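The values are calculated or read from the model by the stated rules, or taken from the named source; none is laboratory data. In this text the structure is predicted, and so the values were computed from the model without any measurement. Here the Cβ positions follow ideal geometry from the backbone for every residue, glycine too, while neighbour counts run over all protein chains shown. Just so you know, the surface numbers come from the protein's heavy atoms only, side chains and all, with ligands and any DNA or RNA stripped out. Shrake-Rupley method; radii C 1.70, N 1.55, O 1.52, S 1.80 Å.
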Amino acid sequence: MESLLQQLARFSEVLAVSRTPHVSTWDPATVRRALQWARYLRHVHRRFGRHARIRTALERRLQSQWRQDSGSGPAPDPGLTNFQALGRCDLVLALRLLQNRALREAVWHALLQQVFPGPGVPGADEETLQGRLAHLARRRAAVHVLRLHGYQESPVVQEDALLKTQAEGPGGLLSGLWERGPQDNFLKVLAAALLLPPPSPRPQEEETGPGTPNTPGEGHHELLRWLLGKADILAAFCRRLPAGVVAAVAGRHPELSRVYLGLLADWGRHLHYDLQRGVWVGAESQAVPWEELYGRFQSLCQAPPPLKDEVRTALESWKAQDGDFEVPGLSIWTDLLLALGTGT
């Protein structure tokens, strides 16, 4: 027990430093050791989490230890004031480092590779840090609700380092990752998070932290709401990712499918028919080419209903607005319907 308390005391110092400019002296090896340390403490939490008597005894010792330390020296980091916090200390550490701009660029990218290794990379835990961070990102909106409804006055939230880390910073974790990280990789992780199946119900004896979604679909809604509120990121999401991936996400989330169709309509209206070449072209270099526009509509038309039916209805509506022409070259929507084999 004493050895564990000493480990916690030292790791609490690491957590405190992780949000300061002192991380500018850290190298990738330091970050890796800190994350390994955090995973060990999470293992302690998982090992004793369902042993009520052992857990109660350990938590009493923890609280007693922190009361003694806070009265005799530097205040302990609020991330480790109770047993439950041990289960999230790796999340708290990773989030603080990702949001700390004092971390050197090379070290930051090394950290990103560790916490977001990409799909299919086996992890030491059955539940990877990458997946838990994706789940945490989907909780972001709930944190802002807490801030709007008096988080300053809530002692529970004040003591929860995970919630405080999420709430800090004007842009939050997701905006910080977009600004500093490889944007194409960020979009891939974002799409993977939106396509995750609903998590299985938690055992009753497993406690959940403040701000955890009450229903499996709530987390997806929060992440989607953040994406829909970022017009530039949403446009990049719909343009840079493969057509099949965006169609899959749109099929899962009707709110995104409507916005995606609106973007496709806007991209299509920026094309005009070149009589000499007999093709639809854009006036600007960044315009979406005909081939890409067709490929994206093709993926949507191959999606399960009701998405594919909604896409056909939209194309026919736009065709009617253009004059309901059946002759190629007069309306891009007519030509798309003909090319897709859904024209009348």
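Count of the range 66-99 residues, restricted to those that are open to solvent by 30 Å² or more (accessible area, probe 1.4 Å), closer than 15 Å to Arg19 by Cβ and at pLDDT 65 or above, is 1. Among the residues of the range 321-344, those identified as in a helix (DSSP H, G or I) and open to solvent by 30 Å² or more (accessible area, probe 1.4 Å) are Gln321, Leu338, Ala339, Leu340. The set of residues in the range 270-320 that are touching a residue at least 12 places away in the same chain (Cβ under 8 Å) and surrounded by fewer than 12 Cβ atoms within 10 Å (Cβ to Cβ) comprises Leu275, Gly278, Ala283, Glu284, Pro304. Taken together, Val44, Val107 contain a single residue that is at pLDDT below 85, hydrophobic (A, V, I, L, M, F, W, C) and assigned to a helix (DSSP H, G or I), which is Val44. Leu196 meets each of the listed conditions (1) at pLDDT below 70; (2) part of a loop (DSSP other than H, G, I, E, B); (3) surrounded by fewer than 19 Cβ atoms within 10 Å (Cβ to Cβ) apart from (1). Looking only at residues in the range 5-51 that are closer than 18 Å to Gln63 by Cβ and in contact (Cβ under 8 Å) with a residue 60 or more places away in the chain, the one that is most open to solvent (accessible area, probe 1.4 Å) is Ala9.
Per-residue answers, yes or no, for (1) in contact with an Asp or Glu (Cβ under 9 Å, 6 or more places away or on another chain); (2) at pLDDT below 85; (3) assigned to a helix (DSSP H, G or I); (4) within 22 Å of Leu112 (Cβ to Cβ):
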| residue | (1), (2), (3), (4) |
| --- | --- |
| Gly169 | no, yes, no, yes |
| Leu173 | no, yes, yes, yes |
| Gly176 | no, yes, yes, yes |
| Glu179 | no, yes, yes, yes |
| Asn185 | no, yes, yes, yes |
| Glu207 | no, yes, no, no |
| Gly211 | yes, yes, no, no |
| Leu227 | no, no, yes, yes |
